[in-house]
Amino acid sequence: MAVDIASNPYKRDFPLLANNPQLKFLDSAATAQRPACVLDAQRVFYETMNANPLRGLYGLSVKATMAIEDARRHVASFIGAPDHRDIVFGRNASEMLNLVALSYGPTAVGEGDEICITIMEHHSNLIPWQQVCRATGAKLVFMRPNEDGVITENEMRTKIGARTRIVSAVHVSNVLGVENDVKLMASIAHENGAVMVVDGAQSVPHLRVDVQDLDCDFFVFSAHKLFGPMGIGVLWGRHDLLDAMPPFLTGGEMIDNVTESGATWAQVPEKFEAGTQDAAGMYALDAAISYVESIGLDAIREREDALVAYAMQRMGELPFIEIIGSGDPRLHHGVISFNVKGIHPHDVSSVLDIDDVAIRAGHHCAQPLLAWLGVESSCRASVAFYNDSSDIDAMIEGLEKVWSMFNGE
């Protein structure tokens, strides 16, 4: 049965959307809206269990510690991680990728080695590896997609070889919306003795993820794209790798013992969680995952696929729209990048905003990809399950208005 994208039982769960019914929010790839249960969870933490976790032996601190350990267990279960103690919390996916690059990278690569990434990486999964290569003398190698945005097995096998020590790739592109076959990529990486790092920032909100099935070695994502709070990033890593890595940051609670001349480190994950963490944010992430599970990732994907298909069908009726990437909506997970012929994306976004249609315009923190595609910037509409067909229709009406405004029609 076709998904009913005209009706919408979800917006009422999101106070910002419910309180602003005129808003057509199509920028969830940048950050998602939060349901009331997530907002409530942060308030409940501060009202009922606010104490510094891990540090106190009194009841309130123990309660806070248990709350973040429960969140760690829930995250592990959500992404199929075998041990919740291999879940590391930080500020965002960018920080978690920097942790892997700057802590693991120098221990694994040297002069003449290669680190292989894709041209479609977010700057967060590109610049850290550039820095590692500069520091170690390793070479950064890029896998490039075909005309549909797909990185083929042949391209993977051409670029991942005996010199490759690390492969790091985005699971779903924040520009093209395409899903990379990171499971195959991991298999080829392992055949060559390399480890596989996956940036799941754009996949976790849309797809069912199982890190054991993907057979990756590291996986990162951000809470705020998963309807959770800003300021929480998640890293899962293979325990033997995390255990052997030096800490990324030093300070409170990441130590086992400190003397005047040195220190020894705590166990994983505390070794990587220096200082007071955002415990309320972790507690709220726990609530966000519960909310997603209450709807079901299969239902979420089915609705978002229908929304993308409808949007691309409507955009196909406008001869002045240029889709970036594949014309097949099945290759777009929640994201459609496009341009309006001859009109700068910032102008397009600003005109749409007049009618409360919120889309993204710019380089989307993926400048090498856009340069390779031959465009300086683009518009990007990104959907979540809380969108409906009226949001798409409003965008289409806005794009017609843009074209008319700039062409006098």
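Given the chain, what whole percent of its Cα pairs are spread farther than 30 Å?
So the pairs more than 30 Å apart make up 44 percent of the total in the chain.
Out of GLY233, GLY90, GLY112, any idea which swings most in a Gaussian network model of the chain, alpha carbons joined below 10 Å?
Result for the chain, Cα springs under 10 Å: GLY112 fluctuates most.
I'd like the trypsin sites (Lys or Arg not before Pro) in region 333-409 restricted to DSSP loop residues with at most 13 other Cβ atoms within 10 Å, sorted by number.
Here the sparse-neighbourhood loop sites are LYS341.
Enumerate the aspartates and glutamates that LYS159 could reach by cross-link, defined here as Cα to Cα under 16 Å, with residues fewer than 8 away along the same chain left out.
ASP113, GLU114, GLU121, ASP181, GLU191
Subtracting the Cα-Cα distance from 0.36 nm times the residue separation, let me have the gained length for CYS37 to PHE320 in nm, one decimal. If you can, show how the numbers build up before the last one.
On the way: separation 283, 0.36 × 283 = 101.88 nm, distance 4.15 nm.
Taking CYS37 through PHE320 to full extension adds about 97.7 nm, to one decimal.
Relative contact order, percent, of the chain when contacts are C-alpha pairs under 8 Å separated by at least 6 residues?
22 percent
Picking from LEU297, LEU54, LEU307, which is most flexible by a Gaussian network model of the chain using Cα springs under 10 Å?
Of the options given, LEU54 has the highest mean-square fluctuation.
In region 175-245, which trypsin sites (Lys or Arg not before Pro) are in a loop and have at most 14 other Cβ atoms within 10 Å, using DSSP for the loop call?
Working: sites: LYS183, ARG208, LYS225, ARG238; in loops: ARG208, ARG238.
Taking region 175-245 and a limit of 14 other Cβ atoms within 10 Å, no loop trypsin sites (Lys or Arg not before Pro) are found.
For the residue pair PHE142 and ASN154, what label-to-label distance in nm results when each label sits 7 Å from Cα along the Cα-to-beta-carbon direction?
2.0 nm
For region 75-109 and region 258-317, what is the separation of their C-alpha centers, rounded to whole Å?
Answer, in whole Å: 12.
Please work out the FRET efficiency for the pair LYS341 and GLU111, using the Cβ-Cβ distance as r and a Förster radius of 41 Å; give the result to the nearest 0.05. Numbers along the way, then the final one.
Working: r = 47 Å, r/R0 = 1.15.
For LYS341 and GLU111, the calculated efficiency is 0.30.
Determine the share of the chain's accessible area contributed by carbon and sulfur atoms, expressed in whole percent, with a 1.4 angstrom probe. Display every interim value, and only then the final one.
Working: 8180 of 16540 Å².
Exposed carbon and sulfur together represent 49 percent of the surface.
May I ask for the distance between the Cα centers of region 1-61 and region 334-367, given as a whole number of Å?
So the separation of the two Cα centres works out to 26 Å.
Springs between alpha-carbon pairs under 10 angstrom, Gaussian network model over the chain: which of ILE166, ILE188, ILE336 fluctuates most?
Ranking ILE166, ILE188, ILE336 by mean-square fluctuation puts ILE188 first.
For a Förster distance of 60 Å, can you work out the FRET efficiency between the beta-carbons of VAL62 and ALA135, rounded to the nearest 0.05?
0.90
Between GLU253 and ALA371, what is the label-point separation in nm under the 7 Å Cα-to-beta-carbon projection?
Label at ALA371, label at GLU253, 4.0 nm between them.
Nearest 500 deg cm²/dmol is fine: what mean residue ellipticity at 222 nm does the chain get from its DSSP H runs of n ≥ 4 alone, each adding -39,500 (n - 2.57), divided by its residue count?
-11500 deg cm²/dmol
Please list 3J(HN,Hα) in residue order for region 13-19, calculated via the Karplus relation 6.51 cos²θ - 1.76 cosθ + 1.60 where θ = phi - 60°; whole Hz, with x for glycine and proline.
6, 10, x, 4, 6, 5, 7
Calculate one ³J(HN,Hα) per residue across region 269-284 by plugging θ = phi - 60° into the Karplus curve 6.51 cos²θ - 1.76 cosθ + 1.60, and present them in order as whole Hz with x for glycine and proline.
x, 4, 4, 9, 10, 5, x, 5, 8, 7, 5, 5, x, 5, 4, 6
Give me the distance in nm between label points sitting 7 Å out from Cα along the Cα-to-Cβ direction at THR276 and GLU260, one decimal.
3.0 nm
Pop out the ³J(HN,Hα) list for region 325-337 in order, Karplus 6.51 cos²θ - 1.76 cosθ + 1.60 with θ = phi - 60°, rounded to Hz; leave Gly and Pro as x.
Those phi angles translate into x, 5, x, 8, x, 5, 9, 10, 8, x, 10, 10, 9 Hz.
The values are calculated or read from the model by the stated rules, or taken from the named source; none is laboratory data. Quantities reported herein were computed from a predicted structural model and do not represent experimental measurements. Here Cβ is always computed from backbone atoms with ideal geometry, including for glycine, and neighbour counts include all displayed protein chains. All accessible areas refer to the heavy atoms of the entire protein, side chains included, with ligands and DNA or RNA removed. Shrake-Rupley method; radii C 1.70, N 1.55, O 1.52, S 1.80 Å.
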